[in-house]
Amino acid sequence: MSSQEEILSDGRFSRVTRDPRFWEMPEKERKVKIDKRFRAMFHDKKFKLKYTVDKRGRPVNYTSTENLRKFYALSESDSDISEGDSKELTEKKKKKKKVKPKGQADS
């Protein structure tokens, strides 16, 4: 770590710490947000591949779903909004059913 400290203290590389191009990407922006319509890809057999060797021929023991979880995340805000919209639609339908027919008058 001392070599890293020396590099950061060197005047030639001082702008690296201030330049946003070299900052680490935030955790919440790192993964692509997936809509709830596509949540089946995390557990569907069609999307699951079992790898036995990596691209260089070394033995590995993991599946493609681990890669999916690494790069994709279910979007919480979209699912909340869509669930809220569905609740609003059901409430509107209930209100429409409660409306009295034209033939009946209030007494």
**Asked** Put +1 on the Cβ of each Lys and Arg and -1 on the Cβ of each Asp and Glu in the stretch 1-69; which of 65, 38, 25 then has its Cα farthest toward the positive end of the dipole?
**Response** 38
**Fill in**
Plugging the Cβ-Cβ distance of residue 73 and residue 49 into 1/(1 + (r/R0)^6) at R0 = 25 Å yields, to the nearest 0.05, a FRET efficiency of 0.80
**Asked** In the stretch 14-63, which chymotrypsin sites (Phe, Trp or Tyr not before Pro) fall in coil by DSSP and have 14 or fewer other Cβ atoms within 10 Å?
**Response** 23
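Carbon and sulfur atoms: what percent of the 1.4 Å accessible area of the stretch 1-78 do they account for?
Numbers: 3950 of 7220 Å².
Roughly 55 percent, rounded to a whole number.
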**Message:** If you count only protein heavy atoms with a 1.4 Å probe, what accessible area per residue comes out for the stretch 1-78, rounded to a whole Å²?
**Reply:** 93 Å²
**Request:** Work through the residues other than residue 64 whose Cβ is under 12 Å from its Cβ and net out their charges, Lys, Arg +1 and Asp, Glu -1.
**Result:** +4
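Going from most exposed to least, what order do 69, 56 have by accessible area with a 1.4 Å probe?
On the way: 69 135, 56 165 Å².
Largest accessible area first, the list is 56, 69.
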**Asked** If contacts are Cα pairs under 8 angstrom and at least 6 residues apart, what is the relative contact order of the stretch 1-78 in percent?
**Response** 30 percent
**Request:** Starting from the Cα-Cα distance between residue 13 and residue 27, subtract it from 0.36 nm times their residue separation and give me the gain in nm to one decimal.
**Result:** 2.5 nm
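The values are calculated or read from the model by the stated rules, or taken from the named source; none is laboratory data. In this text, all values refer to a predicted model and were calculated from it rather than measured experimentally. Neighbour counts run over all protein chains shown; Cβ positions are idealised from the backbone, glycine included. Heavy atoms of the whole protein, side chains included, go into the accessibility calculation; ligands, DNA and RNA do not. Shrake-Rupley method; radii C 1.70, N 1.55, O 1.52, S 1.80 Å.
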